[in-house]
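One structure is given below, encoded as structure tokens.
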């Protein structure tokens, strides 16, 4: 079935409706990858990331970060703001908002959040819960990234993130399986790994949302 190209004219109401329903749309490719990674029983470390959508006055965009070069793991990679769940976090939404504030300086009360998407499992042992969110503070936002964790904050047009045709593929070898995983190139940024997997899952959910609306 051909892809339906997303439009950059999506209203706030249309975007809010999609984000409100996104968690209820299963994604076959995502489910298969999770099943393969879960074959080995283990104690998963819980984490959450924010899927932060903002409007710059012209179009909807996703806020992404480039991890600091001084970090021990995933140095310099493109990431969604987030991190590990702490004992005092009431839920995954609080984890994602707390970590986003720590990394970017954007406060928790500046976001309207939506139902948490199904978790993703990683070869490194994390169970990561994506939390869709819409920025409702001053537009455009003025992030103040923590240089110890974040080298750069930048924005990816939401129309690119939601268009499956924009993605390429790489093979991931894990647990004796070769899994095709999505990648996304934007300007000089190479978006891959878990970030690209989460974004591609959002794109597939948006395709399902558009077809239901036809």
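Answer yes or no: is there a residue in segment 194-208 that is surrounded by fewer than 15 Cβ atoms within 10 Å (Cβ to Cβ) and more than 14 Å from the chain's Cα centre (by Cα). Within segment 194-208, none of the residues are surrounded by fewer than 15 Cβ atoms within 10 Å (Cβ to Cβ) and more than 14 Å from the chain's Cα centre (by Cα).
Quick check on residue 71: is it modelled with pLDDT of 80 or more and either within 12 Å of the chain's Cα centre (by Cα) or more than 17 Å from residue 110 (Cα to Cα) (or both)? For residue 71, the condition - modelled with pLDDT of 80 or more and either within 12 Å of the chain's Cα centre (by Cα) or more than 17 Å from residue 110 (Cα to Cα) (or both) - is not met. Summed over segment 26-37, the residues that are buried (at least 17 other Cβ atoms within 10 Å of the Cβ), in contact with a helix residue (DSSP H, G or I) (Cβ under 8 Å, 6 or more places away or on another chain) and in a helix (DSSP H, G or I) give a count of 2. Going by the conditions given, is residue 118 closer than 27 Å to residue 190 by Cα, surrounded by fewer than 17 Cβ atoms within 10 Å (Cβ to Cβ), modelled with pLDDT of 90 or more and within 14 Å of the chain's Cα centre (by Cα)? For residue 118, the condition - closer than 27 Å to residue 190 by Cα, surrounded by fewer than 17 Cβ atoms within 10 Å (Cβ to Cβ), modelled with pLDDT of 90 or more and within 14 Å of the chain's Cα centre (by Cα) - is met. Checked against the criteria, residue 97 does not count as touching a strand residue (DSSP E or B) at 6+ places or on another chain (Cβ under 6 Å) and either at pLDDT 90 or above or in a loop (DSSP other than H, G, I, E, B) (or both). Annotation: of all residues in segment 4-25 being in a loop (DSSP other than H, G, I, E, B) and surrounded by 15 or more Cβ atoms within 10 Å (Cβ to Cβ), the one that is modelled with the highest pLDDT is 10.
The values are calculated or read from the model by the stated rules, or taken from the named source; none is laboratory data. Here the structure is a predicted model, which means the values were calculated and not measured. Neighbour counts are summed over all protein chains in view; Cβ atoms, including those assigned to glycine, are modelled from backbone coordinates with ideal geometry.
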